[in-house]
Amino acid sequence: MFKLSCLNRYVLKTWVFPFLALLFLVTLIFLLKYLLFWLPNLVENDVPLSLSIKFFTSLLPTILLMTIPVAYFFALYRSVKTFQTNSELDALYAGSLSLFNIFSPILWVGLVLSAFLLWMNMQLVPVSKLQMSNTLDEIGALHATPDFTPRRFTNIDDITFYSEGKNKDGSYAKVLISDARESKLSPNIYVADQAVIHKIDDGLLILLNKGNQFNGASTRINLTQFDAYQILVPFAFESGFRELNSESDFSFMQMKTLYQRLDTSNIKAKAEWDSRWIPSISLILLFFIAIPLSLQAKRSQKGGSFLWAFLILILMEQSQLILYHKIELGDAPRWLTWVLESIYVFGAVLLFSQVNKYGSLSMKRMFPFMANR
């Protein structure tokens, strides 16, 4: 049976509670961000509660993919700073323990979390992205109405619609409508200053304000002025929602399906496959980066190590994202993904080896040629 030593239990205790607290807090912040953005639209359009919950639930796996590494990094950062501030590191150094020996339990937990992130990114996240996309389309179809392009004639069920553009309130300005449905003895033409379109149970209701109606044959045209006029257009809205499946996009494919697509020449499939390994690899790298950064400030008597840690996280995430899109578009070769990761691995291991050997970072030890300047 695997048993933890007293030191390992103590180290894990100093890390696990900050990790859980940070994970909850950061995840909640991300959820609130999406909630504040989407909730007014959902409420305004009377979206059913079950559909709203389904949408927000689909966001959770993608959010956790970002928040778990962040919580792991800063919880480790805090643990090391606590050991350093309380001079516990000095006592453990006196017992011939290195930084790797002291914090290795957190590394083992990181390996478990890394495997969990890989499983999430291969299996769970694609399913959640597919669910989110379908849920958004389903929400859009609930109150969908055609959006007419300005200065273009658009035909719907023998009704031709033309406008000069949209007003700030969403109404259409300077409208011309030709109604040539079979129910009409002759085409009716409407010219109005403003039109407002609503979706009702029977179809589209077009409300015209301040205009003229023309009807009749070419030899006899009747002109009728109006301040308000209504046109009902029966319209089937059920066709507005088209459910996607896992074959619709590479980002929706689970591990087995995506792996089978690697034999094709499509670079998007290969870029998607490579990108799914990055979060799990990055989490392990954060172990070797967090410890050097947390020890740097005490030696140099300078603040700002926390800011450096935050900036490094942003740099890693943004550079990986930009490179992924470049490869997906064919603007960069696929092997650059692994070159970038190799650079991060080399830098992280170099930093950690210095603090593990000497207890702190030293630019002169890392770069001897700088000592002569």
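None of the figures in this text is laboratory data; all of them are computed from the coordinates on show. Bear in mind that the values here come from a model prediction, so they are computed numbers and not experimental data. Note: ideal-geometry Cβ built from the backbone for every residue, glycine included; neighbour counts use all protein chains shown.
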Cα gyration tensor, the range 154-236 - rounded (a/c under 1.5), prolate or oblate: oblate
Above-threshold pairs, the threshold being 27 Å between Cα atoms, out of 13/357; 81/326; 129/326; 129/270; 129/256; 168/199: 81/326
Among 65-74, 265-274, 153-162, the order from most to least packed when residues are scored by Cβ within 10 Å on average: 65-74, 265-274, 153-162
Whether the range 49-204 is rounded, prolate or oblate, judged on the alpha carbon gyration tensor where a/c under 1.5 counts as rounded: prolate
